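A.B. asks: One structure, as structure tokens, below. Some questions next.
The values are calculated or read from the model by the stated rules, or taken from the named source; none is laboratory data. All figures in this text were calculated on a predicted structure; none of them were measured in a lab. Cβ atoms come from the backbone with ideal geometry, glycine included; neighbour counts cover every protein chain shown.
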Amino acid sequence: MRTRTVVGALLNFRGEWQAMEPAMHKEPHFKPPQHPVLYLKPPNTFNRDGDAIVLPAGVEQVQVGATVGVVIGAPASRLSEAEAMGFVAGYVPVNDVTVPHTAVLRPPIKQKCRDTFCPIGPQAAASRVADPGALEIRAWVNGELKATNSTRNLIRSVPRLLAEVTEFMTLEAGDILLVGVPENVPLARAGDRVAVEIEGVGRVENPIRAEGSPA
């Protein structure tokens, strides 16, 4: 299956939500979002395990966005939570690379949609993952464990997120839904090697280089 679209969810980990909640009550919204806050990682961002993440000119560091990608197995539209898991083909480790920013409650397109900014690891079949709501997530920089979390801390579970997203958009076979990036995101620079590991799913690891430097 070919991935056409990667859809990501912001503010879907409890710790991330709690950190951002005070700003939610200020201008311009004055209240927390009632629906998933979503963004896209377009095809120019797609990257493979082992290939370089390229820092654009003027960007000195990036966030290592460790997350779980839910791979869709069949066209999914207006799913209920009860049927949603039947449309999941598998899971992949994904590094949702992002330029650090201060945007709140607005999709940071310029910071997330740079070339090479979405390394996607090997897929584990859905049958191999007993509970997508209990997956350990780890982020590594130069072989050092920098952040850990778990999908136990999701605000919207995988089936709920699938139901809410497919309420208004069809996800095709091969598309990937990112469940969210936890709080305390580690930073990395050119010359570093970063990895995202999802226990029971797999690992994606990539070097980082500056734009224009030798591959």
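A.B. asks: Pick from segment 2-56 the residues that are modelled with pLDDT of 70 or more and on the phi > 0 side of the Ramachandran plot: which of them is surrounded by the fewest Cβ atoms within 10 Å (Cβ to Cβ)?
C.D. replies: Applying the filter and picking the extreme gives Gly50.
A.B. asks: Have a look at Gly133, Gly174, Gly143 and point out the one that is under 14 Å from Ala195 (Cα atoms), out of contact with any Gly (no Cβ under 7 Å at 6 or more places or on another chain), in contact (Cβ under 8 Å) with a residue 24 or more places away in the chain and surrounded by fewer than 21 Cβ atoms within 10 Å (Cβ to Cβ). Before you say what the answer is, go through the steps one by one.
C.D. replies: Working: Gly133 fails: under 14 Å from Ala195 (Cα atoms); Gly174 fails: under 14 Å from Ala195 (Cα atoms).
From the options Gly133, Gly174, Gly143, the qualifying one is Gly143.
A.B. asks: Arg160: among the basic types (Lys, Arg), under 16 Å from Leu187 (Cα atoms) and touching an Asp or Glu at 6+ places or on another chain (Cβ under 7 Å), yes or no? Show your work before the answer.
C.D. replies: Working: among the basic types (Lys, Arg): yes; under 16 Å from Leu187 (Cα atoms): no; touching an Asp or Glu at 6+ places or on another chain (Cβ under 7 Å): yes.
Taking the combined requirement at face value, the residue does not satisfy it.
A.B. asks: What about Ala84, is it touching a Leu at 6+ places or on another chain (Cβ under 6 Å) and either among the aromatic types (Phe, Trp, Tyr) or more than 25 Å from Ala139 (Cβ to Cβ) (or both)?
C.D. replies: Values: touching a Leu at 6+ places or on another chain (Cβ under 6 Å): yes; either among the aromatic types (Phe, Trp, Tyr) or more than 25 Å from Ala139 (Cβ to Cβ) (or both): yes.
The answer is yes for Ala84.
A.B. asks: If Lys110 meets every condition in (1) charged (D, E, K, R); (2) assigned to a helix (DSSP H, G or I); (3) touching a residue at least 40 places away in the same chain (Cβ under 8 Å) apart from one, which number is that one?
C.D. replies: (3)
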